[in-house]
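> I'd like to ask you about the structure that follows.
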Amino acid sequence: QWRRLETPKELDEVRLPLEKARDRLVVLRWLAWKNLEFRATGREKWPDERSTGDALAKEAADLLRELKMLGELAGRNATKAERPYYKGCLAAAQKLLDETAGKLAGLEEKLKAGSPEEIEVVYRGSLVPAVDTVEKAASELAVTPEPRMSAKLVCDPKNKVLVCFGGD
């Protein structure tokens, strides 16, 4: 029986929204940097309404809620996963998402009314580490085969695929 590499539904329910949340967090980090740059240089016109303090604070609050929800979902799905390998992946992602939520806690108020110095502290102390942690969580849920022992690997040059037979 031929099977393509497929991830279980429990992983995909967390992985796909997590990738979107990661992209939003990267955008938030960039917009915070633009906010800092414009405040520090004294420019009056914002390049984008999304980089104002209120918009950044709202996006940070939305992301915090979403990441907490994804962490809870990862925990629930870890108990439902059939294989220990996937349970471990989901549990690791849950731990990293909880860590990210801790890094983003209280960010809303700091972004809303922060001075350039405070925004820089938020950028370097919260947003950059949060992006790194979310990247690690996403990599825990990446589509990879389960580890195997004693498997035979055969190359099919015509179809340009590797086929794995058996294994424990």
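> Which one is least open to solvent (accessible area, probe 1.4 Å) among residues in the stretch 38-56 that are under 30 Å from Leu97 (Cα atoms) and charged (D, E, K, R)?
Filtering first and then ranking leaves Asp48.
> Limited to the stretch 7-37, what total is found for residues that are open to solvent by less than 40 Å² (accessible area, probe 1.4 Å) and within 17 Å of Val121 (Cβ to Cβ)?
5
> Checking Leu96 against (1) without any contact (Cβ under 8 Å) to a residue 40 or more places away in the chain; (2) open to solvent by less than 70 Å² (accessible area, probe 1.4 Å): exactly one of these is not met. Which one?
Unmet for Leu96, out of (1) without any contact (Cβ under 8 Å) to a residue 40 or more places away in the chain; (2) open to solvent by less than 70 Å² (accessible area, probe 1.4 Å): (1).
> A further question follows. Of all residues in the stretch 74-91, which are closer than 30 Å to Lys110 by Cα and open to solvent by 30 Å² or more (accessible area, probe 1.4 Å)?
none
> Then there's this: Does the stretch 145-156 contain any residue that is part of a helix (DSSP H, G or I), at pLDDT below 90, at negative phi and surrounded by fewer than 17 Cβ atoms within 10 Å (Cβ to Cβ)?
no
> Looking at (1) touching a helix residue (DSSP H, G or I) at 6+ places or on another chain (Cβ under 8 Å); (2) without any contact (Cβ under 8 Å) to a residue 40 or more places away in the chain, find the lone condition where Asp132 falls short.
(1) is the only condition that Asp132 fails.
> If you don't mind, another one. Which condition breaks for Lys112 when tested against (1) crowded, with 20+ Cβ neighbours inside 10 Å; (2) touching a residue at least 40 places away in the same chain (Cβ under 8 Å)?
(1)
The values are calculated or read from the model by the stated rules, or taken from the named source; none is laboratory data. Only a predicted model underlies this, so the values are computations on that prediction, with no experimental measurement involved. We place every Cβ from the backbone using ideal geometry, glycine too, and count neighbours over all the protein chains shown. Side chains are part of the model used for accessible areas, which takes the heavy atoms of the whole protein and leaves out ligands, DNA and RNA. Shrake-Rupley method; radii C 1.70, N 1.55, O 1.52, S 1.80 Å.
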